1. Looking for whichever is surrounded by 16 or more Cβ atoms within 10 Å (Cβ to Cβ) and under 27 Å from Lys84 (Cβ atoms) here; the options are Arg146, Arg128. Which one fits?
2. Within the stretch 66-123, can you find the residues that are open to solvent by less than 60 Å² (accessible area, probe 1.4 Å) and hydroxyl-bearing (Ser, Thr, Tyr)?
3. If you scan the stretch 201-219, which residues turn out to be exposed (fewer than 10 other Cβ atoms within 10 Å of the Cβ) and either of a type in the set (A, V, I, L, M) or in contact with a helix residue (DSSP H, G or I) (Cβ under 9 Å, 6 or more places away or on another chain) (or both)?
4. Quick one: is Asn175 touching a Pro at 6+ places or on another chain (Cβ under 9 Å), part of a helix (DSSP H, G or I) and modelled with pLDDT of 90 or more?
5. Do we find a residue being part of a loop (DSSP other than H, G, I, E, B) and of a type in the set (Phe, Trp, Tyr) anywhere in the stretch 118-134?
6. With respect to Ser155, determine if the residue is farther than 30 Å from Trp191 by Cα, open to solvent by 60 Å² or more (accessible area, probe 1.4 Å) and among the polar types (S, T, N, Q).
7. Which numbered condition trips up Lys62, out of (1) assigned to a helix (DSSP H, G or I); (2) open to solvent by less than 80 Å² (accessible area, probe 1.4 Å)?
8. Restricting attention to the stretch 220-234, does a residue exist that is in contact (Cβ under 8 Å) with a residue 24 or more places away in the chain and either surrounded by 10 or more Cβ atoms within 10 Å (Cβ to Cβ) or under 21 Å from the mean Cα position of the chain (by Cα) (or both)?
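The values are calculated or read from the model by the stated rules, or taken from the named source; none is laboratory data. All values derive from a computational prediction rather than experimental measurement. Note that we place each Cβ from the backbone using ideal geometry, even for glycine, and neighbour counts take in every protein chain shown. Protein only, heavy atoms only, side chains kept; ligands, DNA and RNA dropped before computing areas. Shrake-Rupley method; radii C 1.70, N 1.55, O 1.52, S 1.80 Å.
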Amino acid sequence: MMFNRIFTTVKPFMVDTFVHQQSPLKCSSIFNILGIQLRTYNPKVNIEWVPPPKVSCLDPSKSGDRGTLPKLDLSRPQTRFTRKRTPAEFADREDLSPEIKKINSLEYAPLKNQIQAIKQDVLRTVQRHKFDCASLESTIACLTIRIRNQQRHTSAWKRDKISLVTCKENIERRNALLKHLRAYDYKRFEWLLEKLDLVYHPHPTTMEPVTRKGSIMKLTTIYCDRMRNKRLDDYRKELEKEKLKFAEEKAQLEKWIEEEEQQLGLRK
């Protein structure tokens, strides 16, 4: 009865082939016909595969931004008041009251003005000359400040799709510029990475998908290598312990041979 129930799901010509010819059937062939897999992993082998966590392309560990936005002195005047004179000259002006100086400082400025001040400070450290704002170094520095500001914003507002897409595009554009600078001038490339506290992740040549089967095969290879090395180390330690015993037996045997030669008069 159970035999008929199992074969009700099999195609009719298979039933005729195996039942009417009365050929001996193995359990494995029946399960192969039904599409049931019998092979499993050995439970005694401690191999566990955990899928790798998905890391967003905007994450600083993946984009290469090791640093964050630098701290800003909010008592400084805004950038538009220090284009023709230094902040010290603006602070020493006697025709302006302290209240006006405080209102025109970065403390009461909008966030975009604060980011602009940070960008100007970083730009002065990497630009080739005073009016440089279009070289590779300056462009990468401006993009870096923009990316870090967008990362700070998207970490708090994860549903802002426009900012997410814009940040991703800026990261890809910066990687393209870094790739070009690396091929053009490698020393300047390393210097810029150190200045901006960046890590360059080149695009992989081949994309290998992470699968459970492939990962378990690699883990099995690592497990077998580790087990083989452990057994070799244990065998090596066992031989090291037997060295002392062998040395003692060798000394006793040499002493016995020497005594026998003296008794037989073979050694003067």
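1. Unique residue meeting the criteria: Arg146.
2. Thr79, Thr82, Ser97, Ser105
3. As a first pass, look at the stretch 201-219 and keep what is exposed (fewer than 10 other Cβ atoms within 10 Å of the Cβ): 202-210, 212-213.
Result: Pro202, His203, Met207, Glu208, Val210.
4. It is true that Asn175 is touching a Pro at 6+ places or on another chain (Cβ under 9 Å), part of a helix (DSSP H, G or I) and modelled with pLDDT of 90 or more.
5. Of the residues in the stretch 118-134, the ones part of a loop (DSSP other than H, G, I, E, B) are 127-134.
Next, from what is left, pick out any that are of a type in the set (Phe, Trp, Tyr): 131.
Within the stretch 118-134, one or more residues are part of a loop (DSSP other than H, G, I, E, B) and of a type in the set (Phe, Trp, Tyr).
6. Answer is no for this residue.
7. (2)
8. Scanning the stretch 220-234 turns up at least one residue that is in contact (Cβ under 8 Å) with a residue 24 or more places away in the chain and either surrounded by 10 or more Cβ atoms within 10 Å (Cβ to Cβ) or under 21 Å from the mean Cα position of the chain (by Cα) (or both).
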